[in-house]
Structures are given as C-alpha cells and as structure tokens.
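Heads up: the structure comes next, in structure tokens.
What follows draws every value from the coordinates through simple rules; no lab data is involved. The model shown is predicted, which means the values in this text are computed figures rather than measured ones. As a convention, Cβ positions derive from the backbone with ideal geometry for all residues, glycine included, and neighbour counts pool all protein chains shown.
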Amino acid sequence: MTPIRRIENLALTCITIFAGLLWIFPLYWAFNTSIRSENRVVSDEAGLIPDEFNLSSYIDALFNTSLMDWYINSIGTSVIITFIVLLTGMMCAYALSQMQFPGRKALYLVVLASFMVPAQALVVPQFVLMNDLDLINRWGGIILPQLVVPVVIIVYKQFFDAVPKEMKEAVVLDGGGDYTLLFKVYLPLNWGITTALGIITFIMSWNAFLWPFLVITTEDMMTIPVGITQVNDAFGVAYARIMSVALLAAAPVVIAYLIFQKRVTEAVMISSGVKG
Amino acid sequence: MSMIRNNRRHKLVAYSLILPFVAIFALVFAYPVIEVIRLSFTDAPLIGSGDWVGLDNYKRLLSDRLFYTSLKNNGYFVLLTVVPTTVIALLIALAVNRLSGRMQALALVLFFTPYVLPVSVVTQIWAWMLDFQFGILQPVLEFFTGKPVPVFKNPFWVMPAVAVVTIWWTNGFNVLLFIAGLRNIPEELYEAAKLDGATSRQLFFRVTWPLLWPVTALVLTLQLILQLKIFDQVYLLSEGGPFNSSYVLLLMVYREAFQLNNGGYAAAISLVLFLIIVVVSVLQFQILRIGGRDK
C-alpha cells in the first residue's frame, strides 16, 4: 500500500467512526442526562461532558414505577412468543419441505400471501377476538396475535430444502420417523438459523408497541415499551428520571445485542433473504 | 396394503406437524382477515354486533376530510423517509464496508444500536433532544430559523422531525442489508475492473451499483411498506397534531375504533390502508424490477 493510500484509509476510518459517534450521540446524551440531578439537567452549566454521577433518578425509576412488573411481562411474553413461533414454524416448515400431503402447495401459498397482510390492519377484529376469549389485560392477549410470523417458516423451509438427502436415509433405515428426523437431524443441523430467527423474533416481540398498547390497559400488565410511556405522566417534567427509565427499558436488548452482535447481524441479513 | 397404510400414516404425521401453526394462523390471522372485511360493511361498535350497512362506511370515508388529510400525510411521510433513508444507509454501508476488523465491528455497533431500541425509548430520547426549552438541538434549530422551535407542536416541523427520528431509529437495518449485498459482490470483479484501469467512480457505477440493485430494490420496497404503516412515532411524539398535521391512516383507525367506538368504520379504514399497501408495493416492486433490467 502506498503511503498516500494509507493516509486516505486512515482518514476514511476516522470520518466513519466520527459519523458513527455522532449517530449514537442521542443515546450518549440520554445517558449523560440520566446521571445528573434534575436541577443540573435544566441549568446552563449542563455541558456535553459528564460532570456528575448521580444515580438517584435510577433508584427512583426502579422503585417508584412499575418497571419491574413491565420487565417481567416483557421477558415472559417475548420468551413464550419466541419459543412457540420457532417450534410451530419449524414443524410446519419441515412438513412443507420434506413431506407430501394434499394441501401442501396451498398452505405454502397462504404462508407467502400472509406476508403481504400488515398485522396493523387486523387490530380491530383481533381486539374483538381477544375480548371474546377474555384475554384483554392478560399475557395470552399480548402473545396470541404475535404468534404468526410467516418469515420464520419461509426461512426454515429454505434451509430444510438444502439439507442433503443422505442425512435422512440413515435415520429412516434405523426406523426413525419424521419427528425423529426433525428434532434429531434437521434441527441440530440448523442451530445457526434457529438462533438467528430466535433473535429476530425476540427483538420484534420485545419492541412491539401497537398491539400490547391496545390490548393492555392496566399498568401492572404492561410491557416495557408501553409502560414507560406512562412515566411522563407520573413524573411530570423530570428529564433525568425519564431518561433513566428509558435507558433501563432499553438496557436488556442493547446488552443482548452487544453480546450477540455477530449473530444479530447475521440474523437480520438471513431473515431478509439478502444472505442465504 | 402396507403401502396404503404407510401412506396414510405419512399424511397423518404431516398434518400433525402443520396443525399447531395452522390452528394459530386460522384463529388470529385468517379469521380476523375475514372479520375485518365483514365488519367494514357494518355499523358495529368496537365490542358488540352491528347492522349491515352496505357501502356506507366507504361512502363516509370518501367524504371524510380527515381521511384525505391522513392520506396526504402518509404520502408526505413516505417522501420524507423512504428515499432519504435508502441513500443514507447506502452511504454508511459503503463507508463501513471499507473498514476492517475491529473498526468495522465498532462502526456497525454505532450505526445499528438504535434499531434494537423500543420505539417509546426512541421517542422519549428525541423528545428530550428537541425539547423546546432545554433540548440540546434547539441551538442548531435556532441557528437556522433564528428562534427556538417547538418541533412537535409546529405544523411545518412536525413531519420532518418525525421522519428524522424514524430514520435514526430504523436506518441500521438498511445498512446491514446493504453491507450483506456488498459482501455478496465477488472481489474478482473489482480486481478485473481495476486491471482494465477503471477509476473508483467507474467501479461504483459500473460494478457496485448494478450488482447492488436487487438489494436497493428490496430496501426501497420494505421501507415503503414500513413507512406507510407509521403509527407509533406519530402517536407518541405528536398524537397526530398540531391541527392534524401529522394525522395518519393508522391513527385514524385507532381513534375511530378505540376512542370513538366505531368498529365498522375503523375496519373500513384498515382495509383501505391494506389495499394501498398491497397496490403500492406491488407497483413499486414491478417498477424497480424493470429499472433493474435496464442496467
């Protein structure tokens, strides 16, 4: 590499990282605000550099709001949604990919078509249904309508289609049925994609706003994204506390993302079909 | 005989595998699809039955000024977000893709992290950034307009501001798609082009851009669909105001169904939104496909 190219590269790296830091600035500013006292936040001396380490607004957020309830609701519902979506998705995809039965083509077409229907257009009848099932203000009401994720089936099917037939034969010769094949061969061969789909589904349900917002009206049953919107009303104008709550609400997904960075990146690429 | 029995067993196993998904799908998806259509021809309240009113809801919609306002705002929001976010994401992806190792990982984290935040966290952070009295971005606005601006309470600023927030929040996703697309372009193509003496401008317009076109088309289509469904950010930042200047179709569905108790009318609006999304995205996809063929 010539010295000029090297300097050019260094400059590009610096510019990109600087742009990235600028991009993430709102999060930094939220953090900086959250560790100040309310008085300092609105004073003229509140500069860009952290000058105070005041955790009182965090303590306030943790103990004077229902944040703990919201965490439990969010974790509980997201885990259940992710588990059911993956399990039902892989079962259905396996049948579509490896078995012959009347209605197979039709089912696959329905799955593909449902991709086009925006879930938001169904909130009215879904709400009526949840009311009929007596699931308003319950986990079941949050969970049920979020269980249809067609992309999981489409991606699983693609990956199952690509499994070499020889892998199947050994198990079939041993007298293994299709359930054995799915859970002992196809699933273990595709752990990577299962993790990826799991991450995407989890993030989606953790961050879901509109549906939980409609189906939950009591504060103790809210999920994190819905719950924290209540805090404004409760605190009035209290920026440090509002930012503390927002950051506490964001922390689990952000930390999970930072730990599983590579997996998340891959998951987004695979589930959008750009990377096979 | 045993072949037939085996065959039947095979089918039963297959049906048992698809049953859980099909049952859930039928209950919370297929049935609501039929219901939303049926409801749109009735005057039903949110909870409870109504009478068949034929096309009344649709006629009412056509004479509802709020409907046209919402339609216009949905379109305006699409203009403000879809192409800008695609361009910004492409630029960022090109820059990030040139980095290597740790620096690339770091840059990706910086640009992608907003995407994993819940929407209400995003809106609260930006409401604070743009706060009329104490917002850190107010001096920037003041520089351009000469005075502080209550962005989410100003009919001119509200939609562009919501668009900025939305782009900041969702852009990381598009960056990732573009990076995946860039990685799919074989290195040999660049080397061959370089050997032929191509300039870096030519490399971009003759190699990168045409080969990246399928991803660009995908990003544009996904963004269009996503941004037509705008609700969360508008609801949380401005509640459709001021003077309905950020009122959108999904907000109308919400108001009619959950605040004014007009289930049937809300169903009709949902259905119209659904049809708009289908038509627009099919049209766009076709246009983009043709655009790709010319290259």
Segment A:168-193 and segment B:210-232 have their Cα centres apart by a whole-number Å value of 37 Å
Cα gyration tensor shape of segment A:3-59, rounded if a/c is under 1.5, else prolate or oblate by comparing a/b with b/c: prolate
Determine, for A:Cys14, A:Cys92, the number of other Cβ atoms within 10 Å of each Cβ, and report the residues in order from fewest to most. A:Cys14, A:Cys92
Could you work out how far the C-alpha centroid of segment A:58-104 sits from that of segment B:163-183, in angstrom? 25 Å
Cross-link pairs beyond the 23 Å C-alpha cut-off, checked among A:Lys157/B:Lys11; A:Lys157/B:Lys229; A:Lys105/B:Lys229: A:Lys157/B:Lys229; A:Lys105/B:Lys229
Each residue of B:124-134 has, on average, a number of other protein chain C-beta atoms within 10 Å of its C-beta equal to 5
Please identify the DSSP H helices in chain B that span no less than 18 Å along the helix axis (Cα) and have a mean Kyte-Doolittle hydropathy of 0.0 or more. B:2-25, B:65-98, B:158-184, B:209-228, B:263-293
Return A:Phe209, B:Phe204, B:Phe112 ranked ascending by Cβ neighbour count within 10 Å, so the fewest neighbours appear first. B:Phe204, A:Phe209, B:Phe112
Give a residue-ordered list of calculated ³J(HN,Hα) values for segment A:27-43 (Karplus: 6.51 cos²θ - 1.76 cosθ + 1.60, θ = phi - 60°; whole Hz; x for Gly, Pro). 5, 4, 5, 4, 5, 4, 5, 5, 9, 9, 7, 4, 5, 5, 3, 9, 8
To the nearest Å, what is the center-to-center distance of segment B:62-96 and segment B:116-146, using C-alpha atoms only? 20 Å
Rounded to the nearest 10 degrees, what's the angle between the helix A:224-235 long axis and the longest principal axis of chain A, both from Cα atoms, 0 to 90? 20 degrees
For chain A, take the longest principal axis of its alpha carbons; what is the angle in degrees between that and the long axis of helix A:191-207, to the nearest 10 within 0 to 90? 50 degrees
Rounded, prolate or oblate (a/c below 1.5 giving rounded, otherwise prolate when a/b exceeds b/c) for chain A by Cα gyration tensor: oblate
Expected sort for A:28-40, B:212-224, B:40-52 on mean C-beta neighbours within 10 Å, highest first, is B:212-224, A:28-40, B:40-52
Mean shadow area (nm²) of the C-alpha convex hull around the protein assembly as shown is 31.9 nm²
If amide H atoms are modeled at 1.01 Å from N in the peptide plane, then the residues at a separation of 5 or more from B:Thr42, or on another chain, having amide H under 5 Å from its own are B:Val53
In nm, what is the difference between 0.36 nm times the number of residues separating B:Leu211 and B:Val13 and their Cα-Cα distance? 66.9 nm
Which of the three applies to segment B:56-293, rounded, prolate or oblate, going by the alpha-carbon gyration tensor with a ≥ b ≥ c and a/c under 1.5 meaning rounded? oblate
For chain A, averaging the sequence separation of alpha carbon pairs under 8 Å that lie six or more residues apart and dividing by its residue count, the contact order in percent is 31 percent
